[in-house]
Amino acid sequence: MLDKTYEPTSVEARIHAAWMDANAFAAGAGAKPGADAFSIVIPPPNVTGSLHIGHALNNTLQDVLVRYNRMLGNNVLWQPGMDHAGIATQMVVERQMMEAQEPGRREIGRDKFLEKVWAWKEESGGTILNQLRRLGASCDWSRERFTMDEGLSKAVLKVFVELYDKDLIYRAKRLVNWDPHFETAISDLEVENIEVDGHMWHFKYPLAGGETYTYEEKDEDGNVTFSEVRDYISIATTRPETMLGDGAVAVHPSDERYKPIVGKLVQIPVGPKEHRRYIPIITDEYPDPNFGSGAVKITGAHDFNDYEVARRNNIPLYALLDTKGSMRADGVPYAEAAVVAQAIAEGREDFDDAKIGALNIVPDDLRGLDRLVARQRVIEAITEEGLAVMVTDEEGNASPLVENKKIMQPFGDRSKVVIEPMLTDQWFVKADVLAKPAIASVREGRTKFVPEGWQNTYYHWMENIQPWCISRQLWWGHQIPAWYGPDGEVFVAHDEAEAQKKADAHYSKTVEITRDEDVLDTWFSSALWPFSTLGWPDKTPQLDTYYPTSTLVTGFDIIFFWVARMMMMGLEFTGQEPFGTVYVHALVRDEKGQKMSKSKGNVIDPLKLVDQFGADATRFTLAAMAAQGRDIKLAMSRVEGYRNFVTKIWNAARFLEMNECFRVEGFDPKTVSQPLNRWIIGATGRAIAQTTQAITDMKFNEAANAAYDFVWGTFCDWYLELSKPALTGEDAALKDETQATAAFVLDQILKLLHPFMPFVTEELWAETGKTGPARDTLLMHAEWPDLLSLADAEADAELEWLLAVISGIRSVRAEMNVPAGAKIPLVVVQAGDQTRSRTATHQPAIERMARIEGVTFADAVPANSAQVIVGEAIHALPLGDVIDLDAEKARLKKDIDKLDGEIAKIDKKLGNEQFVAKAPEEVIEEQKQRKQTALDRKERLNTALSHLG
RNA sequence: GGGCGGUUAGCUCAGUUGGUAGAGCGCCACGUUUACACCGUGGAUGUCGGCGGUUCGAGCCCGUCACCGCCCACCA
């Protein structure tokens, strides 16, 4: 016996256990012999993660595809696993150590620290995978992988070494994005540019030796509009503290204003006077003569643009900041450093990167200060000295020129602190080389994006791809397999022994080598996920069967981070695209369209939804709202609505149970004879076909809605109601057939809904199997249905008629305010043979559903009747004195007016020569038919009207 | 600065070979019926963001403007 109400929580736990016991999620479970493979790799969640609504959406969609394909009989693998998430995990463990007031990681050392992280991972990591189980995700959990597993690490090692050997990985000193909080380099993608309020200061750089020149501004015609003798050049900056590291001032070669002083030296107006450096005025294409003063200070070590200018012009790159973003405090005192720097600036001394890098030219009094404090000091000192550009207000008061300005400032996506360009030694991947085949794969259609539009995003990024900085100054991750000889020579190898061998060979003697401390970007290992999880580089049967994977389901926010890199690595190392289709789903926002975030407090916890409404309702909501190319604004009312849908199905099953529908053995839908039953079987087939097509097209919302509409709107609202006379009637044969049909259709519904609502459907499958023929398989391994061949046009027409009769009568009753409880007679006027026979067949249903008592046929409409036109017949409801004749007249008149409007519209069309000449024949035919139908109906309505006198 | 997406009922959203505008929620009215009030029946509601164009015909195609959102980008 089914319980009166469905209790998701207990059922879900029990059903999930049953699936696990049956090993039902295992790769290939339920597959037909020789079936095609269908595989999906899960976007590996962070080991530190917990389920948020985006995961719920992402995994629901994957599970829909996976369960659907399993039911098709395909050989299915859904590969689960987790990502070690370098920065995030290290952060969690470090914070925990701090809270426990334990010694920090640097104090306990690398090995001890890593032990702690592993211990944390074993105990607290991966809660998200259990949360996915609650959603019903049918991953092959026995194949769970972790990016730091031995096997996957082996793959990482091999990929690194091979890319290095192919010269696609290199080590170099470059300006990179530096996170001062985590004290590591990060990639371009991990930087978020955010507009903030900033200031732009204007300062004077005095010319060496007190030289002067005439500064002139001209208009378009060459007339001098401003002229002044100056002994300085004016520059603007948003970062005054970096002036200490300036290597030059650049102007555009075409800039006439500065022609007289190009090549001369200017003094940096900051620092102890006796050691101020002189730097040259150079020309470069970079400065925009129309912006600011047209002169740009060049600080090669602290700005990406300046870096390029400095490289082009051989300008030294003075590093001013330490790893925490404070002013450097290392090296020799300022006085000594300044002398060397000056010698270099004047060309008296040679320099190279190493020499410049070691030189700390931060004045002693600024050393160790936070860069923002230093900035303030610099501004004050310059202003005090009178080297700030001044403006005078209306009252004649002079003040330094400081513009308030919106500036784009880079922030670390995890640390949320301001990122600094920093000159450091890092490892890079030549992404542009790897990108070429990855672009071609999409261009040539071997990998498709759904929705298609995302391919443009992909192209744009891939075609402008920058070298990928893959080294991170962290401990948690894959340590870079590079060792250094005594003179810094690099030896990349699979292990230390191999590196040692290479080193010894290189030096022709045994030398001491030390391993690179850095680890790889987490995304480096994620990029290998589709094949590393299947055992690569070993040639495993799994790799053979399930690679390339079928479909990747992911959010657009990681197209660059992950999808693009998997494409590059997959093609480079397997020669095949890692997936055929990339389905890109939207972001889930709150009801108002706001991005969910903890700080806004608008986060919807999917597990709370599961607790409150059940996993099935939660899943169904997400699927039903996953329209392509649009963000999902999740409204609670929708979840509630689909919870009601679950209840509806449950109650429908209870209804069948009460009517003993499940007892019939060996039912064959082809043998059904009753129109009602033939119709519902056909309708089921159409609903299945629609849902199937929608899933195939990955239009999850359409698939879910098609199933929903059919189950509620057709099966429950019409079929079950119409079947009641048969189910409670005396005709045993009719009853048998109806019981069997109802049970059969419910089975098909359970299959149809299973990919979306796995729990309640599996439960009902099991429960209904207890009172009927035993189930020979779990529902999740049942065969996906296809009933289109059982459609019956005649039955469809008959039921369409019946539905129109019942709806028509109901509508009239309500409009005429006939009390709902009142049973009234029905007189069918001018009925043809077909109508007569249909009416006889369905009289019990009409009486029951339209609250009719007694059906008769007549040639004329009885007096005082409300009238419903269906087909050729008038269905008259004699209401006697109850009827409001005026109301009925008005009602009929309104209908006629409506038809008149329609007829007029069609006439206008048909009267248009252009339309008749140019519209396709079938469209014209359709219009003509529509007009005829309207005319027929109008005629009957007029007849009906005339009956009212 | 460049690119992408959105604008349809009170709300949240569907709507592709261009052919008479839909769902859920909410709202109004009525509740008879041994599945279900997490329900049933009936009902109301739209210059499909503005303007222009193509077409016999435009929510859909083209142009343009407005507003909203996102992505990318080096203006000191």
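In this label model, A:GLU99 and A:GLU395 are separated by 5.4 nm, measuring between points 7 Å along each Cα→Cβ vector.
For region A:192-288, the list of GluC sites (Glu not before Pro) that fall in a loop by DSSP and count at most 15 other C-beta atoms within 10 angstrom reads A:GLU211, A:GLU220, A:GLU285.
In terms of accessible area, using a 1.4 Å probe and ignoring ligands and nucleic acids, A:ILE407, A:ILE924 rank largest first as A:ILE407, A:ILE924.
Calculated mean residue ellipticity, 222 nm, chain A: -13500 deg cm²/dmol, from DSSP H runs (n ≥ 4) at -39500 (n - 2.57) each, averaged per residue and rounded to 500.
Summarising the label geometry, the points placed 7 Å from Cα in the beta-carbon direction at A:GLU660 and A:GLU336 lie 10.4 nm from one another. Applying the criteria of a DSSP loop state and at most 12 other Cβ atoms within 10 Å to the trypsin sites (Lys or Arg not before Pro) of region A:396-448 yields A:LYS416. The residues of region A:1-137 have, on average, 42 Å² of accessible surface per residue, using a 1.4 Å probe with all protein chains present. So, R0 is 22 Å and r is the distance between the beta-carbons of A:ALA863 and A:ARG836; what FRET efficiency does that work out to, to 0.05? FRET efficiency, A:ALA863 to A:ARG836: 0.45. If you plug the beta carbon distance of A:ARG174 and A:LYS273 into 1/(1 + (r/R0)^6) with R0 = 35 Å, you get a FRET efficiency near 0.50. With K and R counted +1 and D and E -1, the other residues having a Cβ less than 14 Å from that of A:ASP796 yield a net charge of -1. Cα-based radius of gyration for chain A, normalised by 2.2 N^0.38 Å, reads 1.30. Local charge for A:ALA822 was computed over the other residues whose Cβ lies under 11 Å away, with Lys and Arg +1 and Asp and Glu -1, and equals +2.
Using a 1.4 angstrom probe on heavy atoms only, work out the carbon and sulfur share of the accessible area of chain A in %. Exposed carbon and sulfur together represent 48 percent of the surface. In percent, rounded to a whole number, the relative contact order of chain A is 12, using alpha-carbon pairs under 8 Å and six or more apart. Once the Cα-Cα distance is subtracted from the 0.36 nm per residue extended length, the A:ARG348 to A:GLU217 segment shows a gain of 43.6 nm. Taking amide H as placed 1.01 Å from N in the peptide plane, A:ALA85 has its amide H under 5 Å from the amide H of A:VAL47, each at least 5 places away in sequence or on another chain. Restricting the calculation to Cα atoms, every distinct pair contributes to the Kirkwood radius of region A:683-801, found to be 15.3 Å. Computed with a 1.4 Å probe on the full set of protein chains, the accessible area for A:LEU778 sits at about 50 Å². Heavy-atom accessible area with a 1.4 Å probe sorts A:MET327, A:MET20, largest first, into A:MET20, A:MET327.
In a fully extended conformation the segment linking A:SER946 and A:THR671 would gain 94.3 nm over its present Cα-Cα distance, using 0.36 nm per residue. A simple packing score, the average count of other Cβ atoms within 10 Å per residue, orders the peptides A:503-516, A:522-535 as A:522-535, A:503-516, with the highest score first.
When the P(r) of region A:166-235 is calculated, the portion above 15 Å amounts to 77% of the C-alpha pairs.
Packing, as the average of other Cβ atoms within 10 Å across residues, places the peptides A:813-826, A:387-400 in the order A:813-826, A:387-400, highest first.
Site pair A:ALA208 and A:ASN130 shows an inter-label distance of 7.1 nm when each label is modelled 7 Å from Cα along Cα→Cβ. Relative protection proxy for A:713-719, A:347-353, A:469-475, A:231-237, from highest mean packing down: A:469-475, A:231-237, A:713-719, A:347-353 (other beta-carbon atoms within 10 angstrom). The orientation-averaged projected area of the convex hull spanned by the Cα atoms of region A:403-519 comes to 12.6 nm². Rg/Rh for region A:31-92 (Cα atoms only, Rh after Kirkwood) is 1.13.
The string of couplings for region A:771-788 from the Karplus curve (6.51, -1.76, 1.60, θ = phi - 60°) is 9, x, x, 4, 6, 9, 7, 5, 4, 5, 10, 6, 7, 5, x, 8, 10, 4 Hz, one whole number per residue in order, with x for Gly and Pro.
Electrostatic bookkeeping for A:ALA24 treats Lys and Arg as +1 and Asp and Glu as -1; over the other residues with beta carbon under 12 Å from its beta carbon, the sum is -1.
Taking every DSSP bridge with both residues inside chain A, close to 70 percent are antiparallel.
The values are calculated or read from the model by the stated rules, or taken from the named source; none is laboratory data. Small disclaimer: the values here were computed from a predicted structure and weren't measured. Because the Cβ atoms are built from the backbone with ideal geometry, glycine has one as well, and the counts that use them run over all protein chains shown. Heavy atoms of the whole protein, side chains included, go into the accessibility calculation; ligands, DNA and RNA do not. Shrake-Rupley method; radii C 1.70, N 1.55, O 1.52, S 1.80 Å.
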